[in-house]
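What follows is a short report on a single structure.
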Protein chains: 2
Amino acid sequence: MSDTEGKVTSKDTEEVIMEATFRAISKHGYADLRMRDIGEEMEMTRQVIHYHFDGKYDLLSSFLEYIIDQYEGSVDVDEDADPQAELAVRIDQCLFGPEFGEFDHWDRMKVFHELYSHAQNDEQHREIFNSHYEGMRDSIVEVVEKGMEEGVFHTVDAERMGQLITDVIHAARGRKISLGHDNAPEDARRAIDEFILDSLYVDDELQQRQT
Amino acid sequence: MSDTEGKVTSKDTEEVIMEATFRAISKHGYADLRMRDIGEEMEMTRQVIHYHFDGKYDLLSSFLEYIIDQYEGSVDVDEDADPQAELAVRIDQCLFGPEFGEFDHWDRMKVFHELYSHAQNDEQHREIFNSHYEGMRDSIVEVVEKGMEEGVFHTVDAERMGQLITDVIHAARGRKISLGHDNAPEDARRAIDEFILDSLYVDDELQQRQT
């Protein structure tokens, strides 16, 4: 992080603070986090944090948006993909995540799920999580609707299907993190295929009839 | 709680402490909870807590087992119910919960989900949650297997089906609590019916063919 000693923009500084926050939460957890712990993860003086953020709560709200933005920005789907392929890519990205630089998907998800449980007492965080949840669900709903229009998916309640898949993804991530079920995402992927998407794919029936 | 001033057994005392812990967590949350907060919710002297429990962590572990025991003990299924009816009762109980005395299902679930996210850093709590998770999943797996034996359910991977339904229940409860989606359990129930159980029921196909 030697670039932090040179001339840096405000945006660079915020990113340094965000990554320091990440390291500090990974080490100390959310509940016991102190501003001092974040300062210790940075080469810059701790005063910089107070210049950019109005206290711990403001910093943590920005941090939550930061990890969600990175997560959402990373979903990369080919515009020309057929609905079945696009749905598979989206589900995989949500379940297994893309690879990031210093911290991987599961480091981020640990923090995500810890903050998620606190959202019950926090209107502002709840709003951020809700908008993330809606974004994830809607991206699945859109593909389901596209497939229905193209006649490759059966007619279903697309909203309900999107919500169900989003719930399964969310539960599997939580189970891996909280219960240590390392195979939960793979197991969930198979269950989604066998028991949920089977009601969706017109092709599967054709294949079954042909065999 | 006037009986706490009379002669009480050790079991009674522990229940009083557990219910006081419940009230204290509901008010203050888990992260900021102090032994003093629990003491303030009891008519007995706070020393009683220290006599029965070896510190805050020991108390909270017992508390987690206490709410899970109550929850599991409350699932009440008629032995003679057919598999389809039994499955419905079990799913409903897990999603909507039974009614308890002073605190209802959702008060308990709030605490449950807050402690769940902390289990990532806590081996002992993780074990308690794992055994609860397995109990819930296995109870669904057993009904699915029973239905397969009786020929009223299609042959499926019962373990995977049980895990999928458990995940959906868990996610819907978390969504109601953390995101404030009050209809999440009802929505999940409908999605389970429409998209998961439809792969299971032999009857449904008959009905569809008949209409």
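Coordinate-derived values only; no laboratory data. Remember, it's a predicted structure, so these values are computed and weren't measured experimentally. Glycine gets a Cβ as well: all are built from the backbone with ideal geometry, and neighbour counts include every protein chain shown.
Quick notes on this one:
- Computed over chain A with a Gaussian network model linking Cα atoms closer than 10 Å, the most mobile of A:ALA158, A:ALA172, A:ALA85 is A:ALA85.
- Rg/Rh ratio calculated on Cα atoms of chain A (Kirkwood radius): 1.05
- Kyte-Doolittle mean at least -0.5 and Cα axial length at least 27 Å: DSSP H helices in chain B: B:158-179
- Largest mean-square fluctuation among A:ILE38, A:ILE196, A:ILE91, in a Gaussian network model of chain A whose springs join Cα atoms under 10 Å apart, belongs to A:ILE196.
- Placing a pseudo-label 7 Å from each Cα along the Cα-to-Cβ vector at A:GLU15 and A:GLU123 gives an inter-label distance of 3.4 nm.
- Rounded to the nearest 20 debye, the dipole magnitude of the range B:78-210 is 620 debye, with +1 charges on Lys and Arg beta carbons, -1 on Asp and Glu beta carbons, and the Cα centre as origin.
- The charge dipole of the range B:2-53, taken about the Cα centre with unit charges on the Cβ atoms of Lys, Arg (+1) and Asp, Glu (-1), comes to about 180 debye, rounded to the nearest 20.
- About the Cα centre, charge dipole magnitude for the protein assembly as shown (Lys/Arg +1, Asp/Glu -1 at Cβ), debye: 1500 debye
- Projected label points at B:HIS52 and A:HIS52, each 7 Å from Cα along the beta carbon direction, are separated by 4.8 nanometres.
- Positive-end residue of A:ILE192, A:VAL202, A:ILE177, charge dipole of the range A:77-210 with Cβ unit charges: A:ILE177
- The protein assembly as shown shape via C-alpha gyration tensor axes, a/c threshold 1.5: oblate
- Loop sites in the range A:105-144: chymotrypsin sites (Phe, Trp or Tyr not before Pro), DSSP, at most 11 other Cβ within 10 Å: none
- A simple spin-label model places the labels of A:THR155 and B:GLU40 5.9 nm from each other, with each point 7 Å out along Cα-to-Cβ.
- The lysine pair count for chain A, using Cα distances under 26 Å and pairs eight or more places apart or on different chains, is 9.
- Residue-averaged beta-carbon neighbours from other chains (10 angstrom radius) around A:185-195: 4
- Inter-chain shielding of A:111-123 (mean C-beta neighbours from other protein chains, 10 Å cut-off): 5
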